[in-house]
Amino acid sequence: MDCLFCKIIAGDIPSKKVYEDDVAFAFLDISPWQKGHTLVIPKRHSVDVLEDDEVLAEIGHAVARVGRLLKDKLGADACNVVSNAGGASGQEVFHTHVHVIPRFADNPGIGNMRAEVTADLDEVHQTLV
């Protein structure tokens with residue numbers, strides 16, 4: 001398989017590992033949005049969280065542990081937990097991954113960004129149900 005993250009798990013490509021267990025692997029993002037930005041991935045190949053009903057449950061404990069690690073060791077005040085699903089969402093590596101991004105009170109970053117979107121909530125709701 002020609003998957004970058006599978007190669008990282010196999011040790012064929014080096015990474016800055018911060019957590020590992022039987023089902024999950026976490027390493028620092030090489031293009032971080034914030035100091036400590038970490039990716040948590042399943043050890044088994046999965047394309048994204050929408051294609052695989054089980055994958056988030058499998059790695060959820062690792063996401064939580066990494067978030068606590070970033071808060072404890074880096075002094076972060078909070079974390080963003082984000083998973084892109086599909087190319088249009090910004091996903092670049094098509095192996096499920098969850099971004100755990102430490103946030104600091106003096107630099108809240110994406111936690112305070114909001115797109116200017118105008119939408120009729122009733123109309124959107126009716127479309128979805």
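The values are calculated or read from the model by the stated rules, or taken from the named source; none is laboratory data. From a predicted model like this one, the values you see are computed outputs, not experimental measurements. With ideal geometry, Cβ positions are generated from the backbone for all residues, glycine too; neighbour counts draw on all protein chains shown.
Computed quantities for the displayed model
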item: Residues of region 78-101 satisfying the condition of being buried (at least 17 other Cβ atoms within 10 Å of the Cβ), among the hydrophobic types (A, V, I, L, M, F, W, C) and free of Cβ contacts under 8 Å to residues at least 40 places away in the same chain; result: Cys79
item: Number of positions in region 14-35 that are at pLDDT 95 or above and either over 22 Å from His61 (Cα atoms) or small (Gly, Ala, Ser) (or both); result: 2
item: Gly87, sole failed condition from (1) within 11 Å of the chain's Cα centre (by Cα); (2) closer than 22 Å to Asp2 by Cβ; (3) of a type outside the set (D, E, K, R); (4) at pLDDT below 95; result: (1)
item: Hits in region 44-77 - residues which are in contact (Cβ under 8 Å) with a residue 24 or more places away in the chain, part of a loop (DSSP other than H, G, I, E, B) and under 20 Å from Cys3 (Cα atoms); result: His45, Ser46, Val47, Asp48, Val49, Leu50, Glu51, Asp52
item: Condition check for Asp22: within 19 Å of Val93 (Cα to Cα) and either touching an Asp or Glu at 6+ places or on another chain (Cβ under 6 Å) or not small (Gly, Ala, Ser) (or both); result: no
